[in-house]
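First the structure, in the form of structure tokens, and then the observations on it.
Derivation of every value follows stated rules applied to the coordinates shown; laboratory data play no part. In this text, all values refer to a predicted model and were calculated from it rather than measured experimentally. Neighbour counts are summed over all protein chains in view; Cβ atoms, including those assigned to glycine, are modelled from backbone coordinates with ideal geometry.
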Amino acid sequence: MSERVVLVDAVRSPFGKAGSLYSETRADDIMVRILRGLLERNPKVSPALIDDVAIAAATQTGDQGMNIGRSVSLLAGIPNSVPGYSIDRWCAGALTAVTTVSGAIAMGQYDFAIAGGVEHMGHHPMGEGMDPNPRYLAEKLVDTDALQMGMTAERLHDKFPHLTKARADAYAVASQNKTAAAYSSGKIQRDLIPVAVRSVELGWGVATVDEPPRPGTTVEALGALKTPFRPMGNVTAGNAAGLNDGATAAILASESKAKELGLTIKAKLVSFAFAGVEPEIMGYGPVPSTIKALSKAGLSIEDIGLFEINEAFAIQVLSFLDHFGIADDDPRVNLYGGAIAVGHPLASSGVRLMINLARGFEEHPEVKYGVTTMCIGLGMGGTVIWENPHFAGKAGK
Amino acid sequence: MSEIKLPEGAPDEVITAAHVREIDLTLFGHNGSISLITLDNGMDHNRPNTFGPQSLASLNEAIKVAEASSSIAIAITGKPFIFAAGADLSALSFLNDREQALAIGKLGHDVFRRLGESSKPTFAFVNGLALGGGLEVALHCRYRTVATTAFTALPEVFLGLVPGWGGATILPKLIGPKNAVQVIILNALNNNTMMKSKEALALGVVDAVFEPADFIENSIKFAVAVLNGSMKIDRKDFTKDENEWTEAINTGKAAVAKKFGGAEIPQAIKALDLIAAARTNTLGAGFGAEDQELANLTMNDPLRASLYAFNLIQKKRKKVEGAPKPALARKVSKVGVVGAGLMASQLALIILRNLKVPVVITDLDQERIDKGLAYIRGELTKLVEKKRMSPESAARLSSLVSGSTDKSIFADASFVIEAIFEELELKQKLFKELEKIVSTECILATNTSSLSVTKMSEGLANPERVIGFHFFNPVAIMPLLEIARTPATDDATTATAVAIGKELKKTMVIVKDSPAFVVNRLLTRFMGEITDAIDEGTPPDVADSAMKPLGLPMTSLELLGLVGPGVALHVAETLHKSLGDRYRISPTMQAFVKEGVKTFYIKDDKGGLNPNPAALTLIKAGNKASTSDQVRIRALKALASEARLMLDEGVVSTAAEIDICMLLGCGWPLHLGGVLPYLDRTGISEEVSGQRFHPAGVASLS
């Protein structure tokens, strides 16, 4: 009853800025298109074979409601016989969708599953419909800062004064540069599914590139930005991810079934873990979750050849790297840049990390293991450790 | 391009804007971009995109921008669910100058043909409904994709026009004469049948079909495949085989003759001429000919009457003249049908299917009830077999219908309709009996075609709940429902009847209870003139072909065969009694009924109609023969005088309601405008009553 889980393929929509590219396109329509694009790319995976469709969204109402996992399956024309459900762990939605279906595959209960996520932050601004229990404040369970992600990032700066704004800005510029370079060599485009977008004013368009990146961003320019979360603060729109719309999806399978059908294997799941921290410093979450995942896998941080860490905030990445003694500009980290450049449509981002890691594995057969990790609101981190199927044994263990 | 102003009085144009966006093709595996034009009038799908002068100007600009861009191809698509529904017809009725009509036709050509003549490959992504000019835009493009859910059609000939923005010339060249005649003539004449995507593909109208979920993306993928040569679209040269064209045109002519009883209906004949000419014509010459025909037709009364009739049908479908507030309607939770004969069973079936409430039928004996129930369940089974109903729905409906010989099962019914033998005393007795069983609010409806509803309600404790509910045969197909109010019928009863009619998807006309309401009163009067002429000594073929120029769906004697001489005579007798001598009793009809002759014509093996020898021998011919023209004038005058009387008596409140009755109750053609616009334009109305039914310009040239 124990199966090895593999990532067969993963794709995503081009990400948009909230209120722009996708402002007149429904979240479920974006998600449907990504599911159809994914299945189109993988004709050997007959939709009827899929045992479940797990789709994440942080705000599950309106065009992200109605049990979006089931709803988008029906809308995508996946057979009625295939079930679906929705998942929520805020930013780590898609990542959790992957680990949840992977658990079922590993137990031998599923052969194939789709995991993904969607977030239309233009239609569903962060905190929409939120109704925090008054006990949080009355009993001082958390500080008011805990519910404002920008504030939690400022708190990380407070906690680690040596991780300065200058370092955060430099990290952000590097992220922009890496994304620009990946784009110009056509690396990111390979896994984008074009999505038709509606606009009453402009007519139909098709989203074919990420909208958020700002190539050519300089440290000087970032230095001039306001710090919206506190006066004299460190966190700016330039060293954080924006408010974005987008969707991602992946096919996961048991290794035996994938081999039986002759499917591509882009990564093999090794271990995963989630862990909690104080909600006020939620950005620190990836540290304990990665420690946990490494320990479960019997690996140490030195074994990891590639890191895909979500860039909700530069400071949150820096605190992770700092903890593990990795340099700010270590080339193993975020090969094609990260969320600071391409954007972070909350619940969708987990699979984007896997898309990039899988491409990194292809480019680096000397790497045996890679990590995808992200921080999660209300103080959590999630980590998945993957093995490179292309590993040629040149370096590492 | 010269600016075209809308004619005076025309409503403001709802402008369909044409937006252009550049779509980068890199992700689709091709260099460069495609210019995608979107047609969007900024309103939802209930108000489809249309083309008036300003919309055409916007499209012209968009094509210019797309031409000038660095894109490698041009594509055009619509707003969600709608590609384009064609020319803006609302202005057409106001054109009073042939030059203006000609200019609008030419403007459409001038804009659309740029898509066909562009140096860049052009594509139409038909994402939704594309009708008339909407489909013609697509036809000018070099390639077409269509969404699986999109309906397409060239309804011009149905409306009284020709596909005059390129359709009549391009389509025959593209898909051959046979298929073009199918789309332009046969479909249009077959009650404006639209093509499903698969049919459009099979006929060659479109090149590829994609599902709506990612229609634009897959259409672009298709365009890229065409552009990079991996997809080859072969176009057949249809011009060589002249016979094929002759054959197709003949098929079209035969269909036109059949539809309009041999009348030469100009738009259909002209459309066939344009199709025939397309074999050897250049596109330019074809477009020129289309312009001329379009202008000719536009500046003629039949088109104006057609547009009037078409709009009337749309309008009356939604709004019932004189209907009380819908809020007054009572909830209908159970329906009773008295009688289990064919008519009653049809009523039970349509009520069951649409209201989905318990329906109970009663008749004199169990055998008749079983037969009625078997008919209803059999029809449900047929629907399941044709995949027009799910087995679950059929099972649900089947369990909702039941029958009994005991009328007490009507006790908790909210609406009981009778369809028993047409005899007043029987119906009066029935209603008195029912009143003892049902609640005081239960509606008692009658499907009588000529008896007095008022008399049926006399002596009842609650006459206010009695109403006439008159269907036409076949019930499921004929769209008209006459609702007859007596002086006692209250608003709640009428509102409920209208609410039920809406559920049954019928177009309703509320009439004052009077003999034979509207349709049968007019038809009987007019048929009486034909049979009178025969009785007087006019040869039957002369009398029966008298109405041929009108283009009616069948001749008077064919209609007689459909209705049956028995019913026709019964109605005539009723009307003779109630309305007087102008409704005569034909001795020939009496003889038909007496001798059991059911039809005047007998169908031969080839479907041709030959006089029934048994019928011919029964004709009691006098010696005063009339010519065909004389018979026609006399029948039309009878129609005009009866219609005027009905308006004077307040049977209906507007002339338009008489027209809608004739359009939907007997399927009279649009180009007559129902009937009154035709009587106006031939001068009959004024000759008979000194006045028109409609002011000039409403359903005619002004």
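So for the protein assembly as shown, what are the equivalent ellipsoid semi-axes in whole Å, largest first, each being the square root of 5 times an eigenvalue of the Cα gyration tensor?
Semi-axes, largest first: 70, 36, 26 Å.
Any idea which of B:VAL498, B:MET456, B:HIS470 is furthest toward the positive side of the dipole for the stretch B:432-543, if Lys and Arg beta-carbons carry +1 and Asp and Glu beta-carbons -1?
B:VAL498
Treating the angle as unsigned and between 0 and 90°, give the value, to the nearest 10°, between the Cα long axis of helix B:301-318 and the longest Cα principal axis of chain B.
Once rounded, one gets 70 degrees.
Could you give P(r) for the stretch A:287-397, binned at 10 Å from zero, as whole percent values over all Cα-Cα pairs?
P(r) over the stretch A:287-397, rounded to whole percents: 14, 51, 31, 3, 0.
Taking only the C-alpha atoms, wrap a convex hull around chain B and report its volume per residue in Å³ as a whole number. Walk me through the numbers on the way to the answer.
On the way: hull volume 122.7 nm³, N = 702.
Hull volume over Cα atoms, normalised by residue count, gives 175 Å³.
Just subtract the alpha-carbon distance of B:MET43 and B:LEU701 from 0.36 nm times their residue separation and send over the number in nm, one decimal.
Working: separation 658, 0.36 × 658 = 236.88 nm, distance 3.11 nm.
This chain segment gains 233.8 nm when fully extended.
Roughly what would the spin-label model give for B:LYS356 and B:SER69, points 7 Å off Cα along C-beta, in nm?
4.5
Over the alpha-carbon set of the stretch A:68-199, work out the extent along each principal axis and list the three values in angstrom, largest first.
The Cα atoms of the stretch A:68-199 stretch 53, 49, 42 Å along their principal axes.
Just the number: Rg to Rh for the stretch B:17-299, Cα atoms, Kirkwood Rh, two decimals.
Here the Rg-to-Rh quotient is 0.96.
Based on the mean of other beta carbon atoms within 10 Å per residue, what is the order of B:152-164, B:430-442, B:534-546, most packed first?
Ranking the peptides B:152-164, B:430-442, B:534-546 by packing returns B:152-164, B:534-546, B:430-442.
Which parts of the stretch B:352-374 would a label at B:ARG388 reach, counting a residue when its backbone N lies under 18 Å from a point 7 Å out along Cα-to-Cβ?
B:352-356
Looking only at the stretch A:70-114, which residues have a backbone nitrogen under 20 Å from a spot 7 Å from the Cα of A:MET130 in the C-beta direction?
Zone members listed by number: A:87-96.
What is the mean number of Cβ atoms from other protein chains located within 10 Å of the Cβ atom of each residue in peptide B:22-33, rounded to a whole number?
3
Would you mind calculating the relative contact order of chain A from Cα pairs under 8 angstrom and at least 6 residues apart, reporting the percent as a whole number?
27
For the pair B:ALA327 and B:THR239, what calculated FRET efficiency results from E = 1/(1 + (r/R0)^6), where r is the Cβ-Cβ distance and R0 = 45 Å, to the nearest 0.05?
Numbers: r = 63 Å, r/R0 = 1.39.
E between B:THR239 and B:ALA327, to the nearest 0.05, is 0.10.
Where both residues lie in the stretch B:326-512, what percent of DSSP beta bridges are antiparallel, nearest 5?
Rounded to the nearest five, the antiparallel share is 10 percent.
Select from chain A the helices, each a whole stretch of DSSP H, whose alpha-carbon atoms run 20 Å or more along the helix axis and whose Kyte-Doolittle mean is at least 0.0; answer none if there are none.
The qualifying helices are A:27-41, A:349-363.
List the residues, sorted by chain then number, that are 5 or more residues from A:ASP9 or on another chain and whose placed amide H is less than 5 Å from its amide H.
When sequence neighbours closer than 5 places are left aside, the close amide H contacts are A:ILE251.
Once Lys and Arg get +1 and Asp and Glu get -1 on their Cβ, which of A:LEU163, A:TYR85, A:VAL200 lies farthest toward the positive end of the dipole of chain A?
A:TYR85
Among A:LEU222, A:PHE391, B:THR654, pick out the residue whose Cα is farthest towards the positive end of the charge dipole of the protein assembly as shown, where Lys and Arg carry +1 and Asp and Glu carry -1 on C-beta, about the Cα centre.
Towards the positive end, the residue furthest out is A:PHE391.
Using only alpha-carbon positions, what ratio does the radius of gyration of chain A give when scaled by 2.2 N^0.38 Å?
Here the answer is 0.92, to two decimals.
Pulled fully out, how much extra length does the chain show between B:GLU503 and B:ASP12, if you take 0.36 nm times their separation in residues and subtract their Cα-Cα distance?
This chain segment gains 173.4 nm when fully extended.
Suppose R0 equals 41 Å; then what is the FRET efficiency for A:LYS44 and B:PHE421 from their Cβ-Cβ distance, rounded to the nearest 0.05?
Once the sixth-power term is evaluated, E becomes 0.05.
Past 26 Å, Cα to Cα: identify those pairs from A:LYS140/A:LYS296; A:LYS44/A:LYS268; B:LYS331/B:LYS436; A:LYS17/A:LYS266; B:LYS315/B:LYS382; A:LYS178/A:LYS226, in the order given.
Long pairs (Cα-Cα over 26 Å): A:LYS140/A:LYS296; A:LYS17/A:LYS266; B:LYS315/B:LYS382.
What number results when the radius of gyration of the stretch B:193-252, computed over Cα atoms, is divided by 2.2 N^0.38 Å?
So the Cα radius of gyration is 1.50 times the expected 2.2 N^0.38 Å.
If you split all Cα-Cα distances of the stretch B:326-512 into 10 Å bins from zero, what percentages do you get per bin, shortest first?
In order of increasing distance, the bins hold 10, 40, 38, 11, 1 percent.
Taking the mean number of other Cβ atoms within 10 Å as a proxy for protection, how do you rank A:128-134, B:122-128, B:350-356 from highest to lowest?
On the way: A:128-134: 9.3, B:122-128: 28.0, B:350-356: 19.0.
With the highest mean Cβ count within 10 Å placed first, the list reads B:122-128, B:350-356, A:128-134.
Sticking with the crude label model, points 7 Å out along Cα→Cβ, report the distance from B:ASP412 to B:LYS198 in nm, one decimal please.
If labels sit at B:ASP412 and B:LYS198, their model points lie 4.4 nm apart.
If you keep only loop residues by DSSP, which GluC sites (Glu not before Pro) in the stretch B:1-80 have at most 14 other Cβ atoms within 10 Å of their Cβ? Intermediate values should be presented prior to the final figure.
Details: sites: B:GLU3, B:GLU8, B:GLU13, B:GLU22, B:GLU61, B:GLU67; in loops: B:GLU3, B:GLU8, B:GLU13.
Of the GluC sites (Glu not before Pro), the ones in loops of the stretch B:1-80 whose Cβ has at most 14 other Cβ atoms within 10 Å are B:GLU3, B:GLU8.
Applying 1/(1 + (r/R0)^6) with R0 = 35 Å to the Cβ-Cβ distance of B:ASN191 and B:GLU649, what FRET efficiency is obtained, to the nearest 0.05?
The pair B:ASN191/B:GLU649 has a calculated efficiency of 0.60.
For the stretch B:519-650, give the magnitude of the charge dipole about the Cα centre (Cβ charges: +1 Lys/Arg, -1 Asp/Glu; no others), in debye to the nearest 20.
Around 100 debye, computed over the stretch B:519-650.
Relative to the longest principal Cα axis of chain B, at what angle does helix B:342-355 sit, 0 to 90 degrees, rounded to 10?
Taking the Cα atoms of chain B, the angle to B:342-355 is about 50 degrees.
Would you mind computing, in nm to one decimal, how far apart the modelled labels at B:ASN31 and A:MET66 are, each placed 7 Å from Cα along Cα→Cβ?
4.4
How large is the Kirkwood hydrodynamic radius of the stretch B:549-639, counting all unique pairs of alpha carbons, in Å? Provide the component values of the computation, followed by the final result.
Details: mean 1/r = 0.0683 Å⁻¹.
About 14.6 Å, per the Kirkwood formula over Cα pairs.
For the protein assembly as shown, what is the percent of antiparallel DSSP beta bridges, rounded to the nearest 5?
Within the protein assembly as shown, antiparallel bridges account for around 45 percent of the total.
Report ³J(HN,Hα) in whole Hz for each residue of the stretch B:381-392, in order, from the Karplus equation J = 6.51 cos²θ - 1.76 cosθ + 1.60 where θ = phi - 60°; Gly and Pro get x.
Each residue of the stretch B:381-392 in turn: 4, 4, 4, 5, 4, 7, 6, 9, 8, 6, x, 5 Hz.
Give me the dipole magnitude in Debye, nearest 20, for the protein assembly as shown about the Cα centre, with unit charges on the beta carbon: positive for Lys and Arg, negative for Asp and Glu.
With Lys and Arg at +1 and Asp and Glu at -1, about 1180 debye.
Helix B:519-536 versus the longest principal axis of chain B: what angle, 0 to 90°, nearest 10, using Cα atoms?
Relative to chain B, helix B:519-536 is tipped by roughly 80 degrees.
For the stretch B:91-250, what mean projected area does the convex hull of the alpha carbons give, in nm²?
10.6
Please give the contour-minus-distance gain from A:LYS159 to A:ASP143: 0.36 nm per residue of separation, less the Cα-Cα distance, rounded to one decimal in nm.
4.3 nm
In debye, nearest 20: dipole of chain B around its Cα centre with unit charges on the Cβ of K, R (+) and D, E (-)?
So the dipole magnitude of chain B works out to roughly 960 debye.
Which whole number in µm²/s is D for the stretch B:314-417 by Stokes-Einstein, with the Kirkwood Rh taken over Cα pairs at 10 °C and 1.306 mPa s?
108
In the stretch A:31-107, if every C-alpha pair distance is counted and binned at 5 Å from zero, what percent goes to each bin?
Spelled out bin by bin, the stretch A:31-107 gives 3, 16, 24, 27, 20, 7, 1 percent.
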